[in-house]
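First the structure, in the form of C-alpha cells, and then the observations on it.
Where a number appears in this text, it was derived from the coordinates with a stated rule and is not lab data. What you see is a predicted model; the values in this text were computed from it and never measured. Virtual Cβ from ideal backbone geometry, glycine too; neighbours counted across all protein chains shown.
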Amino acid sequence: MKASRALTSPMLLAALLGAGIPLAIPAQPRAQQASPALPVVTSPAQRGPMPLEITANGNVVAEATVSIRSRVDGQIREVHVEEGQRVQRGQVLFTLDSRMAEAQLAQQEAQLVRDRSIASRARADATRYASLRGEGFAAAQRYEQAQSDAAVADANVRATEAAMAQTRLTIDYATIRAEADGRLGALPVKAGNLVRGSEGTALGTITQTDPIMVQFSVPERWLPEIQEAMAGPTPPSVTARAPSDNHSPAQGQLVFVDSQVDSTSGTIQLKARFANPDNQLWPGQYVNVVLVPRIEPQATSVPVQAIQTGLDGRYVYVVDGENRARRRAVRLQRVVSGRAVVAAEIEAGDKVVIEGAQLLSDGARVAERNPNQQPGARPRPQS
C-alpha cells in the first residue's frame, strides 16, 4: 500500500508507456481562430451640389375657365365646334338666327336717310332765316324756331345712327366666338335650341390648359427658404407629375405665395405655372410636386440604403483600409433622388455599406462582394 502511494506520476507514466497502453492526454486549448469576414456591398460617399427639395401633394387647376353664354335672344342655327375640341381666341363657336335684327337694321337705314334729309332741309331753313333776320325781314321768333327745328333734326339723325349701331351689335352677338384659348368642355345645347340672353344659360365652357397652374401647400417652416428664393432674380423651379405617369416630370416655376399661413394646418399655399403644350397636366388631376428653392453647393450624401437606425440614433458603417466596418453616427437632413444628405464625419470617397449592414458590429471584418453576386456565393478575395 505504501509502495503504491509512493509511486509518483512520472513513474506511473513510464510504466504505462512501457506496457504499451495508449494514453488520452487532454488537448491544450487552441488559440481562438479569427472570425470569418462578412460579405457586404459598399458605395462611395459623395460631396457636391445637391438641391434642397420640398415635396408636397398638389392639384392641377386651370389658369382661366370661361363660360360661353349668349348675350342676345335667338335660335341656334349652327354649332361649329365639337366637345373637347381645342379652340383659339376669336374662333366661331355658335351662330344664332339674326334675320330679325337684320330686317330691323334695314328699316333703320331707311329711317336714317329720311332723318338726314329732314336735317339738311332744317339747316338750310335756319341759314335762310338767319340772313333774313339780319336784313329785318324775319321775326326773331321765326328765326329761333328754325334754329330749334335744325337742332331736333340733327338729334334725330344721331339717335337713328345709335339705334343702327345697337342693331349691328346684336347681329354681331349672334355669332358667338371663343373669348380665350383653351379646350371645350361638354356642349349641352345643340343646333335648333332657343337661347335667351336674360336667362344666362351656359352653352359650354372653355378651360385654359396651356399654361396651367398647380396649387399645393407646404409646412410653414419652409417659408423663409421660399421667401428668400422668390426674392432672387429667377423664381424657384417646381416639378409635377401624376403618380401613374411614366414620363419625365413637367417643369414649371413658382409664381404665387399666399399672403398668410393657414393657422389650422400650419401650411402655406403656393401656386406654380407650367407650360403644357402636350397636355401632360390635366385640370383637377392629383400630382406629386417637388419645389427646389435653392441648391446646396457642398453637401455630403450617401445612398439612402446605407442609413441604419439604432437606439442612439441613425448611423452608417464605413469600411476602412483594413476591411473593417466602422460605425459612424449621422444626422439625416433630407433625401434627394435616392441619396441621403447627411451631416457626419464622412469624407468623399469613403465606402459605406449599403447591403449586409444588419449583421455588422463596430470593428467587424468585411469582404466586399459584387452587388449582382448572390449572398451565399464566395466573395471576391481582398488584396
Packing-based ranking, highest mean first, of 151-157, 39-45 given that Cβ atoms within 10 Å are counted
39-45, 151-157
I need the phi-derived Karplus couplings for segment 99-105: 6.51 cos²θ - 1.76 cosθ + 1.60, θ = phi - 60°, integer Hz, Gly and Pro marked x.
5, 5, 5, 5, 5, 5, 5
As a footprinting exposure proxy, order D181, D312 by other Cβ within 10 Å, with the fewest listed first.
D312, D181
How large is ³J(HN,Hα), in whole Hz, for each residue of segment 322-334 in order, when computed from phi with the Karplus curve 6.51 cos²θ - 1.76 cosθ + 1.60 and θ = phi - 60°, using x for Gly and Pro?
9, 6, 10, 7, 10, 7, 10, 6, 9, 10, 6, 9, 5
Among A103, A56, A180, which one shows the biggest mean-square fluctuation in a GNM of the chain, springs joining Cα atoms closer than 10 Å?
A103
Built amide H within the under 5 Å cut-off of V255, gap 5+
K271, A272, R273
Integer Hz, Karplus 6.51/-1.76/1.60 couplings in order for segment 222-231, x for Gly and Pro
8, 4, x, 4, 5, 4, 5, 5, 5, 7
Could you tell me which label, among (i) 46.3, 190; (ii) 22.9, 72; (iii) 22.7, 82, carries the value of Rg and Dmax of the Cα atoms in Å calculated for this structure?
(i)
Okay, helix-only estimate at 222 nm for the chain: each DSSP H run of n ≥ 4 adds -39500 (n - 2.57), divide by all residues, round to 500 deg cm²/dmol; what do you get?
-8500 deg cm²/dmol
Rounded to 10°, Cα long-axis angle of helix 140-173 versus longest principal axis of the chain:
40
Take Q358, project a point 7 Å from its Cα along the Cβ direction, then tell me which residues of segment 309-335 have their backbone nitrogen under 15 Å from it.
309-310
Simple label model, 7 Å out from Cα along Cβ direction - E322 to A348, nm:
2.9
Sorted by chain and then number, the residues having a modelled amide H within less than 5 Å of the amide H of E78, at least 5 places away or on another chain, are T95
Give the separation of the Cα centroids, segment 86-110 to segment 260-328, in Å.
58
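Calculate the FRET efficiency for S120 and Q88 from the Cβ-Cβ distance with a Förster distance of 41 Å, rounded to the nearest 0.05.
0.30
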Using the basic label-point model (7 angstrom from Cα toward the beta carbon), what is the Y286 to A180 distance in nanometres?
2.6
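Once R0 is set to 22 Å, what does the formula 1/(1 + (r/R0)^6) return for the Cβ-Cβ distance between E225 and S263, expressed as a FRET efficiency to the nearest 0.05?
With R0 = 22 Å, the Cβ-Cβ based efficiency is 0.60.
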